[in-house]
1. Does Val42 qualify as being under 20 Å from Leu92 (Cβ atoms) and touching a Gly at 6+ places or on another chain (Cβ under 6 Å)?
2. Scanning region 79-104 for residues that are outside any helix (DSSP H, G or I) and over 17 Å from the mean Cα position of the chain (by Cα), which turns out surrounded by the most Cβ atoms within 10 Å (Cβ to Cβ)?
3. Can you name the residue in region 76-121 that is of a type in the set (D, E, K, R), out of contact with any Pro (no Cβ under 6 Å at 6 or more places or on another chain) and at pLDDT below 95 and, of all such residues, is nearest to Leu148 (Cα to Cα)?
4. When region 26-76 is examined, which residues are found to be assigned to a helix (DSSP H, G or I), in contact (Cβ under 8 Å) with a residue 12 or more places away in the chain and farther than 23 Å from Thr105 by Cα?
5. Among the residues of region 49-66, are any surrounded by 19 or more Cβ atoms within 10 Å (Cβ to Cβ) and either charged (D, E, K, R) or under 30 Å from Thr176 (Cβ atoms) (or both)?
6. Just checking, how many residues over region 47-61 are modelled with pLDDT of 95 or more and in contact with a helix residue (DSSP H, G or I) (Cβ under 9 Å, 6 or more places away or on another chain)?
7. If you check every pair at least six apart or on different chains, which have Cβ atoms under 7 Å apart with a residue in region 142-154 that is modelled with pLDDT under 90 first and a residue that is surrounded by fewer than 16 Cβ atoms within 10 Å (Cβ to Cβ) second?
8. Considering every residue within region 110-122, establish whether at least one is over 15 Å from the mean Cα position of the chain (by Cα) and over 18 Å from Glu23 (Cα atoms).
Amino acid sequence: MRLIFFKNPGLKSPQRIVITGPESSGKSTLAKALGDKFNLPVVEEYAVEYLSEQGSDYSFEDILEIARGQRERELQAISRSKGRVVCDTSMLVLHIWSEVRFKKTDPLILKWLDELRNDLFLLCKPDIPWEPGPYRENPHDREDLYSLYLDWLRNQKYWFSIIEGDRDTRFENASTLIEPLLSQSKES
């Protein structure tokens, strides 16, 4: 298990466990499995719902609308759960997506991304086979996209860990990482 942490000194336990990384890197599978194991709400990726309603021909402005919907759902889930949630995507995904597709990011997305600085990011490495999906666009450049995520998390000093390997290994390593954080928060 490869763990990389940049942690703010006063941080006890994250509010969000953010599953991030390029498309088809196992984010949804891992988010659901962690939510089930730790009995945590999972905030699903709002982009899928948005694009299924709006169509796959989207604009720069649509990415901000997706970000608004994602953030709203995360805040609602945190409020309802009075604690922690697992997020099946993040503002980081929207930032990278916007930069790759439109060469720019709305400043509001960057502001919301900065609000996640005290949360734990699990960066899924694309070392599993790519699976097609209705809104997936990048089957051949997942490693390049992964590098963008990794560079961002490192350079901005976010709290993160790399999750890699087959499904069972990913789940086992992520669980091993998260369990003490959740136990610690119960003791506080």
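The values are calculated or read from the model by the stated rules, or taken from the named source; none is laboratory data. Values in this document were obtained by computation on a predicted structure and should not be read as measured data. Cβ placement follows ideal geometry from the backbone for every residue including glycine, while neighbour counts extend to all protein chains displayed.
1. Spelling it out, Val42 is indeed under 20 Å from Leu92 (Cβ atoms) and touching a Gly at 6+ places or on another chain (Cβ under 6 Å).
2. In this case the residue turns out to be Gly83.
3. Selected residue: Arg101.
4. Those that are assigned to a helix (DSSP H, G or I), in contact (Cβ under 8 Å) with a residue 12 or more places away in the chain and farther than 23 Å from Thr105 by Cα: Ser28, Thr29, Leu30, Ala31, Lys32, Ala33, Leu34, Gly35, Lys37, Phe38.
5. Scanning region 49-66 turns up no residue that is surrounded by 19 or more Cβ atoms within 10 Å (Cβ to Cβ) and either charged (D, E, K, R) or under 30 Å from Thr176 (Cβ atoms) (or both).
6. 1
7. The qualifying pairs are Arg142/Trp130.
8. So far as region 110-122 goes, yes, one or more of its residues are over 15 Å from the mean Cα position of the chain (by Cα) and over 18 Å from Glu23 (Cα atoms).
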